[in-house]
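Trainee: Can you keep this structure in mind? I'll have questions shortly.
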Amino acid sequence: MIPGNALLLRIYTDENAMSGDRPYFEALVDRARLVGLAGATVLRGLRGFGASSIMHGAGGFHLNSNLPVVVEIVDEEAKIRPFIDGLEQGDEIGLVTLEKVEVVRYGGHRIPYV
């Protein structure tokens with residue numbers, strides 16, 4: 001990905017959302033990597049609600065809070081649109097948003113030895 005115009009895809013879900021036997025957010029990030037998108041980040045929220053009005057997250061330090069999760073993916077429109085089209089209706093998604101962004105820098109991290 002080179003600097004310039006791109007799209008920011010945000011997929012809202014929660015920690016307990018599953019894709020088969022694993023967390024849905026993990027499946028999204030793995031799929032994004034598999035199809036060659038520029039990158040993905042998973043953000044965990046403290047509290048939130050969506051269309052169901054069910055509150056996710058809890059006050060204090062509860063172990064079973066089911067926190068909100070947002071997966072952010074940035075790439076060129078030609079790569080993001082097919083990814084969105086691959087999202088299934090039955091997937092545990094609360095909200096999907098898309099906005100135009102300008103990439104001013106991409107890369108620069110050293111690849112660690114594994």
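The values are calculated or read from the model by the stated rules, or taken from the named source; none is laboratory data. Predicted model, so just to flag it, every value in this text is computed and none were measured. Every residue, glycine among them, receives a Cβ derived from its backbone with ideal geometry; neighbour counts consider all protein chains shown. The area values use the complete protein model at the heavy-atom level, side chains included, leaving out ligands, DNA and RNA. Shrake-Rupley method; radii C 1.70, N 1.55, O 1.52, S 1.80 Å.
Trainee: Which value, in Å², gives the accessible area per residue of the chain when a 1.4 Å probe is used on the protein heavy atoms?
Mentor: With the other protein chains kept in place, the chain gives 72 Å² per residue.
Trainee: Less than 14 Å Cβ to Cβ from VAL42, Lys/Arg counted +1 and Asp/Glu -1: what total charge do the surrounding residues give?
Mentor: Overall, the nearby charge balance is 0.
Trainee: Which of these, ARG22, ARG31, ARG44, has the largest mean-square fluctuation under a Gaussian network model of the chain (Cα springs below 10 Å)?
Mentor: ARG22
Trainee: Round to a whole number: what % of the accessible area of the chain belongs to carbon and sulfur, probe 1.4 Å?
Mentor: That fraction is 54 percent.
Trainee: Can you tell me the equivalent ellipsoid semi-axes for the chain? Use √(5λ) from the Cα gyration tensor, largest first, whole Å.
Mentor: 26, 17, 15
Trainee: Oh, and also: Given the options VAL103, VAL35, VAL74, state which has the largest fluctuation in a GNM of the chain using a 10 Å cut-off (strictly under) for Cα springs.
Mentor: Highest fluctuation among the options: VAL35.
Trainee: In a Gaussian network model over the chain where Cα atoms closer than 10 Å are linked, find which of ALA32, ALA17, ALA51 has the largest mean-square fluctuation.
Mentor: ALA51
Trainee: Could you work out the local net charge near ARG31, counting Lys and Arg as +1, Asp and Glu as -1, over the other residues with Cβ closer than 15 Å to its Cβ?
Mentor: -4
Trainee: Also, quick follow-up: Hey, if you put +1 on the Cβ of every Lys and Arg and -1 on every Asp and Glu Cβ in the chain, which of THR41, PHE25, VAL96 ends up farthest toward the positive end of that dipole?
Mentor: Most positive-ward Cα: THR41.
Trainee: What does the charge count near ASN66 come to, summing +1 for each Lys or Arg and -1 for each Asp or Glu among other residues with Cβ under 12 Å from its Cβ?
Mentor: Charge balance in the 12 Å sphere: -1.
Trainee: Treating the beta-carbon of each Lys and Arg as +1 and of each Asp and Glu as -1, no other charges, what is the dipole magnitude of the chain about its Cα centre, to the nearest 20 debye?
Mentor: Value, rounded to 20: 380 debye.
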